[in-house]
Structure formats: C-alpha cells, structure tokens
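Report on the structure given below.
The values are calculated or read from the model by the stated rules, or taken from the named source; none is laboratory data. Just so it is clear, the structure is predicted and the values come from calculations on it, not from any experiment. So basically every Cβ, Gly included, is an ideal-geometry build from the backbone, and we count neighbours across all protein chains shown. The area values use the complete protein model at the heavy-atom level, side chains included, leaving out ligands, DNA and RNA. Shrake-Rupley method; radii C 1.70, N 1.55, O 1.52, S 1.80 Å.
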Amino acid sequence: QVQLVESGGGLVQAGGSLRLSCAASGRTFSNYAMAWFRQAPGKEREFVASIDWSGVSTNYADSVKGRFTISRDNAKNTVFLQMNSLNPEDTAVYYCAAGRSWVLTTGRGYDYWGQGTQVTVSS
C-alpha cells in the first residue's frame, strides 16, 4: 500500500501561482511513477502531468504545458506540481496518484490515490 496526502491548494487570482505537494508513505516511493489529475465540478477527472520514477521523464496535458511543472524528491518521498499563470479553467480538485508507468494518462493506470486538494482560481 502507498498512502498519498496532497497539500498546497487554495484560492489564487488569475495569473498567480501555487505549488502542490504530495507526500507518500508505505511502499518504496521511488518504485512508482507519479501523476497529477484534476476534476472540476460537473466534469470528468482529467490527466494533468506525470513523472517517471527517476524524475527524468515527464508528460503534460496540452492545457497545462508550459505553465505547470511536475517534479519529485525521492529522498523526501514527495512529488510536486508547480502551477504558474493560473486561470479560472484550472479550478478543480487536484489528486496525486502512484502507478506503474508515467506514460499512462488515464486513471486506470494508477493504483493509489490521495484525497485531493482544492485549487480555486478567481478571475
């Protein structure tokens, strides 16, 4: 089992920045690819970004490419999502997930999930 706890969400004005963190415990963190997903009210959960076990390979949804950066610190069992140039369309609950492969962009590819952290961007 891997337990994931997100933090860092909040309310920010359009154009602002937030940094989300996801702390992992349980099985060896560095064995897992990590990802961020989000779900806005009334919408399906969508892929945001993923990173391989080493932190070298990353993948981003087109909607966040160039604005968001995913990174990880295996020594601290933590994955991050730096979000810049936020806009109201980024408002959602953000979830981190641990899984088998960083190339997977659907939720079915990830085995463990956090409880989510709310990000609200005001216009």
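Just a few scattered comments:
- Taken over region 1-17, residues that are open to solvent by 30 Å² or more (accessible area, probe 1.4 Å), farther than 18 Å from Asp111 by Cβ and not hydroxyl-bearing (Ser, Thr, Tyr) amount to 6.
- Remark: pairs (first residue in region 103-118, on the phi > 0 side of the Ramachandran plot; second residue among the hydrophobic types (A, V, I, L, M, F, W, C) and outside any loop (DSSP other than H, G, I, E, B); Cβ separation under 7 Å; 6+ apart in sequence or on different chains) = Gly116/Val93.
- Near pairs, Cβ below 7 angstrom, 6+ apart or cross-chain, from region 34-60 (acidic (Asp, Glu)) to any residue that is surrounded by 16 or more Cβ atoms within 10 Å (Cβ to Cβ): Glu46/Phe37; Glu46/Arg38; Glu46/Ala61; Asp52/Ala33; Asp52/Trp102
- Test result for Trp36, aromatic (Phe, Trp, Tyr), buried (at least 20 other Cβ atoms within 10 Å of the Cβ), out of contact with any His (no Cβ under 6 Å at 6 or more places or on another chain) and modelled with pLDDT under 95: no
- Among the residues of region 64-114, the one identified as open to solvent by less than 30 Å² (accessible area, probe 1.4 Å), among the aliphatic types (A, V, I, L, M) and farther than 24 Å from Ser17 by Cβ is Ala98.
- Test: Arg27 is open to solvent by 60 Å² or more (accessible area, probe 1.4 Å) and either charged (D, E, K, R) or over 11 Å from Leu81 (Cβ atoms) (or both): yes
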